[in-house]
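Here is the structure we will look at, set down as structure tokens.
The values are calculated or read from the model by the stated rules, or taken from the named source; none is laboratory data. Please read these numbers as outputs of a predicted model, since none were measured by experiment. All Cβ positions, even for glycine, are placed from backbone atoms using ideal geometry, and neighbour counts span all protein chains on display. These accessible areas exclude ligands, DNA and RNA; they are computed on the full protein's heavy atoms, side chains included. Shrake-Rupley method; radii C 1.70, N 1.55, O 1.52, S 1.80 Å.
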Amino acid sequence: MVTMAIADLMVCVFNVTISSILSYHFLDSFLMYTNVCRFTAFIQVSSVQLSVWSTVSFSFDRFITICCQKLKLKYCTDRTATVVLTIVGMLSFLINIPVYFRYEPYYIVGDIEWGCRTVTEYGSSPAWIAYKWILNLSVTLVPFPFLLLLNSLTARYILVASRARRALKNRSNGDSSSDPEMKNRRTSIILLFAVSGSFIVLWTPVVIINICFKLTEIIAWEGSNSLYLAIRITLFLMYASTCTNTCVYALTQRKFREEIKTIVKYPLSFFIKLCKQYEYSESIRVHCPLARSLDHLRSHGL
């Protein structure tokens, strides 16, 4: 979940703040240097891919934890989590290295390269076409069925197990009193479907647009064209999917809410501590003759 939060924050910073806001409103800033623009584009694609596959990893981890009790003891460990997250992070960045070389400068002024534009062979080179297919498959087409399958299997297992447990409990106790295990299962399925479900809903338009492009090869980017508006809306929904995860964490996870409260309270407590230290030092100066004498000497430059 920490990796998901980091990836989502990277998307919000690089894809929304830098690319969609600062780059459009500050055209003469250092962001328009070609190397900076290339690096920003590389981080944008990598952060989106990291966000997607960290969500898939989270869903797979929940699937193993809930549905595979024997495998749970071997898989659900700190070491396995570290290995999986390291592999996902490295692959997310390594597979997007060609993105850095996708762009060339718009113009050169005084040996300084400005702006970014796609290289001419990007649409015709077999290598670039193959890379575009790999990128689309790894970001949109492959994770989508994985999430649907994992969520369906997990939900089916929880519902069947809960129904059987409720029947046994009613048969033994004769009532339907509160069951802590049922509450834990309910919390798990709510968290799972809140995270994965919001991802599926908000990424569905992106998948549809990608399929339409691959089937029809439409290239219409006029500002007044409805296709352009549809693409902008799908990008907005895609970026919004990273923001919803933070809301999901806050609503469903007590520990996450406590950490957020600690982060918010820390600057205030630090400021109060400084004020108390200042008041204490001032009281010493007022009541200590030696401190008043030293202040008098400093005021005269001694």
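Restricting S59, S47, S51, S20 to residues that are modelled with pLDDT under 80, small (G, A, S) and either under 25 Å from Y239 (Cβ atoms) or under 13 Å from the mean Cα position of the chain (by Cα) (or both) narrows the list to S20. Can you tell me which residue within segment 88-117, out of those that are open to solvent by 60 Å² or more (accessible area, probe 1.4 Å), free of Cβ contacts under 8 Å to residues at least 60 places away in the same chain and of a type in the set (V, I, T), is nearest to F39 (Cα to Cα)? The qualifying residue nearest to F39 (Cα to Cα) is I97.
Look at (1) under 28 Å from L137 (Cα atoms); (2) in contact with a helix residue (DSSP H, G or I) (Cβ under 7 Å, 6 or more places away or on another chain) and you find that I97 fails only one, number (2).
Filtered by the rule that a residue be assigned to a helix (DSSP H, G or I) and without any contact (Cβ under 8 Å) to a residue 60 or more places away in the chain, segment 28-57 gives F30, L31, V36, T40, F42, I43, Q44, S46, S47, L50, S54, S57. Listed by first and then second residue, the pairs with beta-carbon distance under 6 Å, at least 6 apart or on different chains, first residue in segment 125-152 and over 18 Å from P205 (Cα atoms), second crowded, with 16+ Cβ neighbours inside 10 Å and among the polar types (S, T, N, Q), are L150/S59; N151/S196. Of everything in segment 56-75 that's farther than 17 Å from I189 by Cα and not basic (K, R), which residue is surrounded by the most Cβ atoms within 10 Å (Cβ to Cβ)? Checked segment 56-75; the qualifying residue surrounded by the most Cβ atoms within 10 Å (Cβ to Cβ) is Y75. Within segment 1-27, residues that are open to solvent by less than 80 Å² (accessible area, probe 1.4 Å) sit with their Cβ atoms under 9 Å from residues that are outside any helix (DSSP H, G or I) and not charged (D, E, K, R), at 6+ positions apart or across chains, in these pairs: L22/S29; S23/S29.
Can you name every residue in segment 99-131 that is more than 19 Å from S19 (Cα to Cα) and assigned to a helix (DSSP H, G or I)? Result: T120, E121, Y122, G123, P126, A127, W128, I129, A130, Y131.
Answer yes if at least one residue in segment 159-168 is surrounded by 12 or more Cβ atoms within 10 Å (Cβ to Cβ), modelled with pLDDT under 80 and touching a Ser or Thr at 6+ places or on another chain (Cβ under 8 Å), and no otherwise. Steps first, please.
Taking segment 159-168 as the starting set, the residues that turn out to be surrounded by 12 or more Cβ atoms within 10 Å (Cβ to Cβ) are 159, 161-162, 165-166.
Remaining after also requiring modelled with pLDDT under 80: 159, 161-162, 165-166.
Filter again for touching a Ser or Thr at 6+ places or on another chain (Cβ under 8 Å), leaving 166.
Yes.
Exactly one residue out of F213, F146 is within 30 Å of R232 (Cβ to Cβ) and at pLDDT below 75, and it is F213.
Can we say V84 is open to solvent by less than 60 Å² (accessible area, probe 1.4 Å), under 27 Å from the mean Cα position of the chain (by Cα) and on the phi < 0 side of the Ramachandran plot? Spelling it out, V84 is indeed open to solvent by less than 60 Å² (accessible area, probe 1.4 Å), under 27 Å from the mean Cα position of the chain (by Cα) and on the phi < 0 side of the Ramachandran plot.
Scanning segment 44-55 for residues that are open to solvent by less than 10 Å² (accessible area, probe 1.4 Å) and of a type in the set (A, V, I, L, M) returns a single hit, V52.
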